[in-house]
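What follows is one structure encoded as structure tokens, with my remarks underneath.
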Amino acid sequence: MRVLVTGGTGYIGSTAVDILLEQGYEISILDDCSTGHADTAPAGVSFIQGSLLNSGDLAQALVGVDAVMHFAGKSLVGESVEKPDLYHQVNVDGTRNLLDEMHKSGVKKLVFSSSAATYGEPEQVPILESAPTKPTNPYGATKLAIDQMITAESAARGIAAASLRYFNVAGALKSKRGWLAERHNPETHLIPNVLRSTEENPVKIFGTDWPTADGTCVRDYVHVVDLIDAHIKALETLTAGVHEIYNLGSGDGYSVREVVAAASKAAGHQIPTIDSPRRAGDPAVLIADINKAKSKLGWVPTRGIEDMVADTLAAFS
Ligand code: UDP
């Protein structure tokens, strides 16, 4: 089976490319490299440096393809608040183009990178897929709009689709070509920032007065390798005319201070931190209910927070 990986040079997409190739899939990549890194594309793989907003690029990328894993998109909450139009254009309009070109090319299978940001501030945790969707920022709103577009597309044109709603993705993959890890600029994510913390420039803890056990925010971290395993299971269980939505997390929550403690243990020294004000838009607690992915996909995440910090540390060393 040939899979088109959009966003295949980014952190999660490049990990997907590597694991899919290992498992015998053929791969095509479409990426404009606006945030990805062309050097992650393996030799011999069909790689089109192009845009979701360009129908010609999409048509070319879809040649000979059986299914699409759609990772390409803008993914920073803060940036989305400043540039909502950009997020709508790249994420929503880009996916509309992708669906139209898939239709023209007769490609009927899609696995999409959705987000827990579609839920917004949860009324209950753990969060079920049936929870209300009230995104609190433009990023989450674009992911929800896309999920709804895919549901309509599946009903109208019979495509087989799955939206995977990620909680906090972390960790790294040691591939034959070296470590594939987060290389964001600027880096906003907790684990890379914790591992790069220094006495001169300590990592900020955004809020110490949250209504949680230690006063810091609680998140559900899932290892990128487990995450891609779920994508492949979703791909292999797609059904024509059906759009499934699955949460992907670990089902457990860790506070910011617990992540710092795990990272300090892995690093072998106390990582310096500085208590700082809350970051706008952060909910206090986000934890996934992952029972649907477990029961319908037969997926079980096997890597814990210790693996995520250890792998990221190794990748950065
Ligand atoms: N966080 C923090 N310092 C940082 C980056 C993040 O305290 O330098 C906190 C953030 O407020 C949130 C958690 O760590 O509670 C995870 O943030 P991240 O940006 O990694 O992911 P998000 O939950 O926003 O998707």
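The values are calculated or read from the model by the stated rules, or taken from the named source; none is laboratory data. Computed from a prediction, not measured in an experiment: that's the story for all the values here. Using ideal geometry, Cβ is built from the backbone for each residue, glycine included, and neighbour counts are taken over all protein chains shown.
Selection of region 42-81 for residues being of a type in the set (Asp, Glu) and over 20 Å from residue 146 (Cβ atoms) yields only 66.
Which of the residues spanning region 251-268 are in contact (Cβ under 8 Å) with a residue 60 or more places away in the chain and touching a strand residue (DSSP E or B) at 6+ places or on another chain (Cβ under 8 Å)?
Kept after step one, since they are in contact (Cβ under 8 Å) with a residue 60 or more places away in the chain, are these residues of region 251-268: 251, 253, 256, 259-260, 263, 267.
251, 253, 256, 259, 260, listed by residue number.
Quick one: in region 76-97, of everything that is more than 20 Å from residue 169 (Cβ to Cβ) and at pLDDT below 95, which residue is farthest from the ligand (Cβ to nearest atom)?
Initial filter on region 76-97 (more than 20 Å from residue 169 (Cβ to Cβ)): 81-86, 88-89, 92-94, 96-97.
Of the ones still in play, those that are also at pLDDT below 95 are 81-82.
Values: 81: 12, 82: 15 Å.
Restricting to residues being more than 20 Å from residue 169 (Cβ to Cβ) and at pLDDT below 95, the top hit is 82.
To keep it simple, each residue is scored yes or no on (1) outside any loop (DSSP other than H, G, I, E, B); (2) of a type in the set (Ser, Thr, Tyr); (3) modelled with pLDDT under 95; (4) within 16 Å of the ligand (Cβ to nearest atom).
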residue	(1), (2), (3), (4)
27	yes, no, no, no
47	yes, no, no, no
74	no, no, no, yes
99	yes, no, no, no
107	no, no, no, no
114	yes, yes, no, yes
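Of the residues in region 273-288, how many are under 18 Å from residue 129 (Cβ atoms) and either in contact with a Phe, Trp or Tyr (Cβ under 7 Å, 6 or more places away or on another chain) or in a loop (DSSP other than H, G, I, E, B) (or both)? Working first, answer last.
Step one: filter region 273-288 for residues under 18 Å from residue 129 (Cβ atoms), giving 283, 285-288.
Retained after the next criterion (residues that are either in contact with a Phe, Trp or Tyr (Cβ under 7 Å, 6 or more places away or on another chain) or in a loop (DSSP other than H, G, I, E, B) (or both)): 283, 286-288.
Total satisfying the criteria: 4.
Across region 165-207, the number of residues qualifying as among the charged types (D, E, K, R), near the ligand (Cβ under 10 Å from one of its atoms) and touching a strand residue (DSSP E or B) at 6+ places or on another chain (Cβ under 6 Å) comes to 1.
Only a single criterion out of (1) out of contact with any His (no Cβ under 7 Å at 6 or more places or on another chain); (2) in contact (Cβ under 8 Å) with a residue 12 or more places away in the chain; (3) among the hydrophobic types (A, V, I, L, M, F, W, C); (4) under 24 Å from residue 176 (Cβ atoms) is not satisfied by residue 43, namely (2).
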